[in-house]
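Chemist: Before I ask anything, here is the structure I am working with.
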Amino acid sequence: PMLLAADGTVIFSSRPDDAGRHLFDFQFQDKQKLREALELGAVWHDEIYSPFFGQEAFVSIYPIPLEDSLTPVFLYLGIPLENLYTTAKSSMQIIIATSLLGLLLLIFSVFFATRNIVKPIRHLTVDFNKVPHGDLDVDRESIDRGRAAKSNVRELDILQAALKEMLEQSNLTHELRLK
């Protein structure tokens, strides 16, 4: 950071050798932009080549009004773009990693739900649809498959037990009728 007079003279600098020099003594590529900012006395910022860093930098000039003077003093701040982009890049990497982790969790959740909830319900639905058509020979393995999936859904266990009991009762009733 530096403090500049309205004419561009360096009043204070974090680098002691720069104090007393004129801002335009440094090798800025576009000195006209800096001159205009100082003349207007307004806040100015842009990405320009900074001779202080030897690379592109984000440079800001802020006027600081003084009580006893009509002309402000200017605060000159410069930050190398590399430093700004490094922070943005690391933030973007964190966002991407978090998004990928979220996507993997979503895929796992869908897989888990499909495997442990939807498939047993589908097998029960198929078996229930056979009964009204008189097909009492329901594949009991499909009922047991629901239990083998070890779903923690209590309602599925209740449905499976009820279907098994209903089929056993139907088969028993059917056998009694035949006898």
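Chemist: Name every residue in segment 7-19 that is open to solvent by 30 Å² or more (accessible area, probe 1.4 Å) and part of a loop (DSSP other than H, G, I, E, B), in order of residue number. Spell out how you get there, then give the answer.
Modeler: Residues of segment 7-19 open to solvent by 30 Å² or more (accessible area, probe 1.4 Å): 7, 9, 11-12, 14-17, 19.
Result: Asp7, Ser14, Arg15, Ala19.
Chemist: Mind checking which helices (runs of 4 or more DSSP H) fall wholly inside segment 20-131 and carry at least 2 residues that are closer than 16 Å to Met2 by Cα?
Modeler: 31-40
Chemist: All but one of (1) more than 19 Å from Pro65 (Cβ to Cβ); (2) open to solvent by less than 90 Å² (accessible area, probe 1.4 Å) hold for Leu4; state the number of the condition that does not hold.
Modeler: Of (1) more than 19 Å from Pro65 (Cβ to Cβ); (2) open to solvent by less than 90 Å² (accessible area, probe 1.4 Å), only one is false for Leu4: (1).
Chemist: Note down all Cβ pairs under 9 Å where the first residue falls in segment 30-55 and is surrounded by 15 or more Cβ atoms within 10 Å (Cβ to Cβ), the second is of a type in the set (Lys, Arg) and not in a loop (DSSP other than H, G, I, E, B), and they're at least six residues apart or on different chains.
Modeler: Correct list of pairs: Trp44/Lys33; Ile48/Lys33.
Chemist: Now for a different question. Report whether or not Asp25 is within 18 Å of Gly8 (Cα to Cα) and surrounded by fewer than 16 Cβ atoms within 10 Å (Cβ to Cβ). Give the derivation first.
Modeler: Numbers: within 18 Å of Gly8 (Cα to Cα): yes; surrounded by fewer than 16 Cβ atoms within 10 Å (Cβ to Cβ): yes.
Answer is yes for this residue.
Chemist: So Gly134 ticks every box in (1) loosely packed, with under 13 Cβ neighbours inside 10 Å; (2) at pLDDT 70 or above; (3) of a type outside the set (Val, Ile, Thr) but one. Which box is left unticked?
Modeler: It fails just one condition, (2).
Chemist: Let me ask something else. Just one of the numbered conditions (1) in contact (Cβ under 8 Å) with a residue 40 or more places away in the chain; (2) hydrophobic (A, V, I, L, M, F, W, C); (3) open to solvent by 50 Å² or more (accessible area, probe 1.4 Å) is not true of Phe74; which one?
Modeler: The single condition Phe74 does not satisfy is (3).
Chemist: Here are Phe58, Phe74, Phe52: which of them is modelled with pLDDT of 85 or more and over 34 Å from the mean Cα position of the chain (by Cα)? If you could, list the steps in order and put the result at the bottom.
Modeler: Values: Phe58 fails: over 34 Å from the mean Cα position of the chain (by Cα); Phe52 fails: modelled with pLDDT of 85 or more.
The match here is Phe74.
The values are calculated or read from the model by the stated rules, or taken from the named source; none is laboratory data. Since the model is a prediction, treat every value here as computed from it, not as a measurement. We place every Cβ from the backbone using ideal geometry, glycine too, and count neighbours over all the protein chains shown. In case anyone asks, the SASA skips ligands and DNA or RNA and just uses the protein heavy atoms, side chains included. Shrake-Rupley method; radii C 1.70, N 1.55, O 1.52, S 1.80 Å.
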